[in-house]
1. Are there any pairs, at least 6 apart or on different chains, whose C-beta atoms fall under 8 Å, with the first in region 7-19 and at negative phi and the second β-branched (Val, Ile, Thr) and assigned to a helix (DSSP H, G or I), and if so, which?
2. Sort out for me the helices (runs of 4 or more DSSP H) sitting completely within region 33-145 that have 1 or more residues that are modelled with pLDDT of 95 or more and β-branched (Val, Ile, Thr).
3. Out of the residues in region 119-141 meeting the condition of being surrounded by 12 or more Cβ atoms within 10 Å (Cβ to Cβ) and under 30 Å from residue 7 (Cα atoms), tell me which one is farthest from the chain's Cα centre (by Cα).
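The values are calculated or read from the model by the stated rules, or taken from the named source; none is laboratory data. As the structure is a computational prediction, the values presented were derived from the model and not from experiment. Quick reminder, even Gly has a Cβ in these numbers, built from the backbone with ideal geometry, and neighbours come from all protein chains shown.
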Amino acid sequence: MADSTEPNVSLTNESLNYLKESSGWGGFMAIVGFCVAVLFIGGGLFAGSIFSSLSGTEDSAMGGITSVLVGGVYVCLGALYLLPTLYLYRFSQEIRNAINRGSTGAMTTALGNLKSLFKFMGIFTAIYLVVVVLGLLVMGSGMIF
């Protein structure tokens, strides 16, 4: 059973400085993340024309399917990358607001975004590991048979 009393935690000036510096780097990483996501999505949307210009053919059926598949993967990856980047951006902005205004509400919102970022990354990592293990099993069974 959870304790119903609120914990009495206070932040020192040193910990506030760490959070403020983290917000600056987090903001920088979020801006870079948004740019990368836009490049992925843009690259995915223009994959057809990119593939046809690289291959020298314009109406190859196999090239069309490949470009749509690769383009779809890039658009999905870019869209997927937007969510953790958005959590990081919100964390950075709210930490800065919390420190500048001394706002407990902004600090709570910031830490909620940080929790969401870690939760997303944890779930994504777990899914990735399952896919890798399944891929290794499929490759291993292909080698046996």
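1. 16/99; 19/95; 19/99
2. Numbers: elements: 47-55, 61-101, 104-144.
Helices (runs of 4 or more DSSP H) meeting the threshold: 61-101, 104-144.
3. Step one: of region 119-141, the residues surrounded by 12 or more Cβ atoms within 10 Å (Cβ to Cβ) are 119-121, 124.
Next, only the ones that are under 30 Å from residue 7 (Cα atoms) stay: 119-121.
Details: 119: 11, 120: 8, 121: 7 Å.
Per the stated criteria, the residue is 119.
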